[in-house]
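Read through the structure below, which is laid out as structure tokens, and then see the notes.
The values are calculated or read from the model by the stated rules, or taken from the named source; none is laboratory data. Note that the structure is a prediction, hence the values are computed from the model and not measured. Note that each Cβ is placed from the backbone with ideal geometry, even for glycine, and that neighbours are counted across all protein chains shown. What goes into the accessible areas is simple: the full protein's heavy atoms, side chains included, and nothing from ligands, DNA or RNA. Shrake-Rupley method; radii C 1.70, N 1.55, O 1.52, S 1.80 Å.
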Amino acid sequence: ETLQRIVSTLVNKNDEIHNFIDMLNHTISNVQVNSSNAISELDEEFDGLYSVLHEMKGSMASTIQQEEARKIQALQDQLSQCSRALESSEELLELAVQSLDIKNPEELLEAARQIKDSVTVASAFRLSLKPKVSDSMTHMMVDFALEKRMLQAVKFLPVPKAPEIDVAACLVADNCITISWRMPEEDSRIDHFVLEYRKTNFDGLPRLKGEQRWELVDYIKSTQYTLSGLKFDTKYMNLRVQACNKAVAGEYSDPVTLETKAFVFSLDSTSSHLNLKVEDTYVEWDPTGGKGQEKIKGKENKTRSNTASPKRSTNNSPRASARGGRDRFAGESYTVLGDTAVESGQHYWEVRAQKDCKSYSVGVTYRNPGKFDQLGKTNSSWCIHINNWLQTTFSAKHNNKAKTLDIPVPDRIGVYCDFDGGQLSFYNASSKALLHTFRTKFTQPLLPGFMIWCGGLTVSTGLQVPSAVKSLQKSENGLGGSTSSLNNVA
């Protein structure tokens, strides 16, 4: 035994090391991929910066060229005016020189008068001999000293630190998981958090091989989050959190594994009554399925209609064999069992009936009930029974004894089984009000049992024992709750 324990410990350690090696190789691969992605993103950022600078350069060069063209045009216009004025002035000057050669005083006087008038209106005297624009282009210069200093100060963005999950504050209850975390140091730049989770059957660190993908919840603003409406069809759940600022996400927190065990079963279609159509967690009464049934109690079932009332009992019928098969139940025992037995612990599941369902029973039974047995009609089965045929009756049944329950029939019924404590309780699944409790000592494994006639039932499994039920159990046990008149020590 000691050697077996040592070998088992070694096998577990080897399994952990293999898992860790897989994780390290996966991390190496991720580092390479993420480094390549980071370089690609860096190239994109710098290419974007180059593109902006190139665009700015083109725009500013265009402005300089426009200014150049404006100044040259202004100077050329001024140059043309000066050229025309100079040409006119030279003509006038030539005329004046010629006038000086006139000998006749009167002609000279007339020529002088004309020259005087022409000079007075000459354009050369109205010209400004100062350039309209300067040749300076210093106002088009740029200084990138500040920008250079800013670019030289560019560094990698500050990455938020990994959050720390507060395992003590995490809560698993009522098919919900509330996870809490904190930052190792205050960081005012945190914008939101990202939560990832996945179901697993392995305790400890997350595994890479054969595991489900991470599910993601993004943009969480607080340091607590509740995952609700879960089906606990695995034993554990891995969770991890990362912090994000406006631009970058930090490392994930160390993953935690929370226990989420619950009772999960399906309906055993291989051993149900022929008149039942079974699909995983749904069973429906099928009036056409029972045609051609074998003789029941030594007589042909010729006169029995397909909607025979389930009230009639066949307690004295012979027991069926333990093997499974579609002839597992017959006659009016329209029964299907769960495929997983309760052998210890506390478990909970719920059942919802169709509104037009005429009759159904919900409960538990020992393995291998008789072929014609009905739930609650034997000392090895316990149930509550609802009959909507003609008038509604609601009762608890065991060992062929019935106790009428003078309370409304709920839409959903919760079944709580404490195998070790010898207790089977039924609840209104919505309000968690107690409907009835059986107390006994269970000596064999129990199978969930369901009997249906004219209608259908949906079973919800993978549910934890609700907190309200736990509280009621503590209160009832503390007060020494009443004992049902149908109790039986089996």
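Can you name every residue in the stretch 198-231 that is in contact (Cβ under 8 Å) with a residue 40 or more places away in the chain and farther than 21 Å from ALA173 by Cα?
Listed by number, the residues that qualify are LEU205, PRO206, ARG207, LEU208, LYS209.
So, in the stretch 262-291, how many residues would count as being surrounded by 15 or more Cβ atoms within 10 Å (Cβ to Cβ) and charged (D, E, K, R)?
4
Just to be sure before I move on: is MET183 within 30 Å of ALA38 (Cα to Cα), touching a Pro at 6+ places or on another chain (Cβ under 7 Å) and of a type in the set (A, V, I, L, M, F, W, C) in the structure I sent?
Values: within 30 Å of ALA38 (Cα to Cα): yes; touching a Pro at 6+ places or on another chain (Cβ under 7 Å): yes; of a type in the set (A, V, I, L, M, F, W, C): yes.
Yes.
Can you confirm whether the stretch 129-148 contains a residue that is surrounded by 12 or more Cβ atoms within 10 Å (Cβ to Cβ) and over 30 Å from GLN65 (Cβ atoms)?
So far as the stretch 129-148 goes, no, none of its residues is surrounded by 12 or more Cβ atoms within 10 Å (Cβ to Cβ) and over 30 Å from GLN65 (Cβ atoms).
Report yes if SER123 is in the same structural domain as SER59 (by the TED database), surrounded by 11 or more Cβ atoms within 10 Å (Cβ to Cβ) and among the polar types (S, T, N, Q), otherwise no. Spell out how you get there, then give the answer.
Details: in the same structural domain as SER59 (by the TED database): yes; surrounded by 11 or more Cβ atoms within 10 Å (Cβ to Cβ): yes; among the polar types (S, T, N, Q): yes.
In short, yes.
Among the residues of the stretch 350-363, is any outside the structural domain of HIS385 (by the TED database), modelled with pLDDT under 90, surrounded by fewer than 20 Cβ atoms within 10 Å (Cβ to Cβ) and in a loop (DSSP other than H, G, I, E, B)?
The answer is no, given that none of the residues of the stretch 350-363 is outside the structural domain of HIS385 (by the TED database), modelled with pLDDT under 90, surrounded by fewer than 20 Cβ atoms within 10 Å (Cβ to Cβ) and in a loop (DSSP other than H, G, I, E, B).
Which residues, counting only those in the stretch 378-404, are touching a residue at least 12 places away in the same chain (Cβ under 8 Å), open to solvent by 30 Å² or more (accessible area, probe 1.4 Å) and outside any strand (DSSP E or B)?
Scanning the stretch 378-404 gives ASN379, ASN388, TRP389, THR392, ASN399, ASN400.
Just need a number here: residues in the stretch 13-48 that are open to solvent by 80 Å² or more (accessible area, probe 1.4 Å), closer than 21 Å to LYS209 by Cβ and either charged (D, E, K, R) or assigned by the TED database to the domain that holds ASP203 (or both).
2
Quickly run through the stretch 52-78 and pick out the residues that are surrounded by 12 or more Cβ atoms within 10 Å (Cβ to Cβ) and within 16 Å of SER123 (Cβ to Cβ).
Correct list: GLN78 only.
Restricting attention to the stretch 231-261, which residues are part of a loop (DSSP other than H, G, I, E, B) and surrounded by 20 or more Cβ atoms within 10 Å (Cβ to Cβ)?
The answer is PHE232, SER253, THR260.
Within the stretch 80-108, how many residues turn out to be loosely packed, with under 11 Cβ neighbours inside 10 Å and either aliphatic (A, V, I, L, M) or in a loop (DSSP other than H, G, I, E, B) (or both)?
Residues that pass the stated criteria total 5.
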